[in-house]
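The values are calculated or read from the model by the stated rules, or taken from the named source; none is laboratory data. Not measured: the values here are computed from a predicted model. Cβ: placed from backbone, ideal geometry, glycine included. Neighbour counts: every protein chain shown.
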Amino acid sequence: MSTRRHLLGGGSAWLLLRALPAAAVSTITLEAAVQQWAGGKPVRTGRVTLDVAPLVENGNTVPISVRVDSPMTAADHVQEIVVFNEKNPQRDVVRLYFTPACGRAEAATRIRLATSQQLVALARLSDGSQWAQYVNVLVTLAACIES
Amino acid sequence: MADGARTRTLIHLPDKPQRGVPFEVRTTIAHPMENGLRSDGYGNVVPRSIITRFECRVGERAAFAADLYPAIAANPYLAFWLRLDGPATLTFEWLGDNGFAHRETRAVDPA
């Protein structure tokens, strides 16, 4: 059924998409974001784990957690874990900075997902090595641009 | 939005933390995390207002920090771990757009 309300709602959403300020919408791809973060050094698959449900009902609040098995000593610890997405308006999701005082390189938060897409968690260790895990997520109700 | 005093936060720490054993810290702060992409229903874009930074210090030393982006859900939740060698004051600080700043402190005395 197509009521006046539906038409108006759909129309304004379309106008909003057209009128998004250029600065708010990231034009770089997921791979470009990963390359930028990596700074020309190699990124290997493994070590870092990104936990997120493969099927998400509500993209407005999606629990995720990231972790690296690390002793978290001064000599051997995780410095940073970042999460990028593929299809939100911006590639950045969160950047987490760890120190040996953390004791464990693990963190959790809740994020927004605009649509079904790929996520990546990237970890940088104190020995300079960089690790990645890619995960695909299916989203049924999208976040970000709905009022 | 810099009204730190009325901002509500939840900070969950274990009842009986132990020295040298990592424990989980869970934090939530009430904040809309307005991503600057939504319409107000009248064709105007609601201006961006998000929390951009979270920091946790043990005494004076930075222990954990996070940069947050518009992709973080409203009422940002962050859980992380700390390992303490003795009694300490934990400082939690949130910073954001439009001068938003909020700070909480908790004393912990691991057994």
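The set of residues in region B:22-34 being surrounded by fewer than 17 Cβ atoms within 10 Å (Cβ to Cβ) and part of a loop (DSSP other than H, G, I, E, B) consists of B:A30, B:P32. Can you say whether A:A142 is more than 9 Å from chain B (Cβ to nearest Cβ), within 17 Å of B:A71 (Cα to Cα), aliphatic (A, V, I, L, M) and touching a Ser or Thr at 6+ places or on another chain (Cβ under 8 Å), as far as the supplied structure shows? It is true that A:A142 is more than 9 Å from chain B (Cβ to nearest Cβ), within 17 Å of B:A71 (Cα to Cα), aliphatic (A, V, I, L, M) and touching a Ser or Thr at 6+ places or on another chain (Cβ under 8 Å). For region B:40-58, a tally of residues being at the interface with chain A (Cβ under 8 Å from one of its Cβ atoms) and modelled with pLDDT of 95 or more returns 1. Remark: pairs (first residue in region B:59-87, more than 7 Å from chain A (Cβ to nearest Cβ) and on the phi > 0 side of the Ramachandran plot; second residue aliphatic (A, V, I, L, M) and crowded, with 18+ Cβ neighbours inside 10 Å; Cβ separation under 6 Å; 6+ apart in sequence or on different chains) = B:G59/B:A88.
Output the residues belonging to region B:67-108 that are in a loop (DSSP other than H, G, I, E, B), out of contact with any Cys (no Cβ under 9 Å at 6 or more places or on another chain), within 25 Å of A:N88 (Cα to Cα) and of a type in the set (A, V, I, L, M, F, W, C). B:A73, B:A74, B:F100, listed by residue number.
Residues checked against (1) touching a Cys at 6+ places or on another chain (Cβ under 8 Å); (2) among the aliphatic types (A, V, I, L, M); (3) over 18 Å from A:T61 (Cβ atoms); (4) touching a residue at least 40 places away in the same chain (Cβ under 8 Å):
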{"site": "B:D15", "(1), (2), (3), (4)": "no, no, yes, no"}
{"site": "B:V21", "(1), (2), (3), (4)": "no, yes, yes, yes"}
{"site": "B:T28", "(1), (2), (3), (4)": "no, no, no, yes"}
{"site": "B:H31", "(1), (2), (3), (4)": "no, no, no, yes"}
{"site": "B:G41", "(1), (2), (3), (4)": "no, no, yes, no"}
{"site": "B:V45", "(1), (2), (3), (4)": "no, yes, yes, no"}
{"site": "B:I50", "(1), (2), (3), (4)": "no, yes, no, yes"}
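The set of residues from region B:80-96 being within 22 Å of A:T109 (Cβ to Cβ) and surrounded by fewer than 17 Cβ atoms within 10 Å (Cβ to Cβ) comprises B:E93, B:L95. Can you find, within region B:11-34, the residue that is farthest from the other protein chains (Cβ to nearest Cβ) among those that are more than 22 Å from B:R103 (Cα to Cα) and charged (D, E, K, R)? This residue is B:K16. Number of residues in region A:63-114 that are aromatic (F, W, Y) and either under 20 Å from B:V21 (Cβ atoms) or in contact with a helix residue (DSSP H, G or I) (Cβ under 6 Å, 6 or more places away or on another chain) (or both): the value is 2.
Residues considered: B:I72, B:I51. Of these, the only one that is in contact with a His (Cβ under 7 Å, 6 or more places away or on another chain) and crowded, with 19+ Cβ neighbours inside 10 Å is B:I51. The single condition among (1) part of a loop (DSSP other than H, G, I, E, B); (2) closer than 16 Å to A:V94 by Cα; (3) in contact with a helix residue (DSSP H, G or I) (Cβ under 6 Å, 6 or more places away or on another chain) that B:F64 does not meet is (1). Residues in region A:47-62 that are under 11 Å from the mean Cα position of the chain (by Cα) and within 11 Å of another protein chain (Cβ to nearest Cβ): A:V62 only. Do we have B:A111 as assigned to a strand (DSSP E or B) and closer than 27 Å to A:A74 by Cβ here? Answer is no for this residue. Flag: A:I28 does not match the condition of being modelled with pLDDT of 90 or more, closer than 17 Å to A:V120 by Cβ and surrounded by 11 or more Cβ atoms within 10 Å (Cβ to Cβ). Within this structure, B:L37 passes the test of being facing chain A (nearest Cβ under 7 Å), of a type in the set (A, V, I, L, M, F, W, C) and not in a strand (DSSP E or B).
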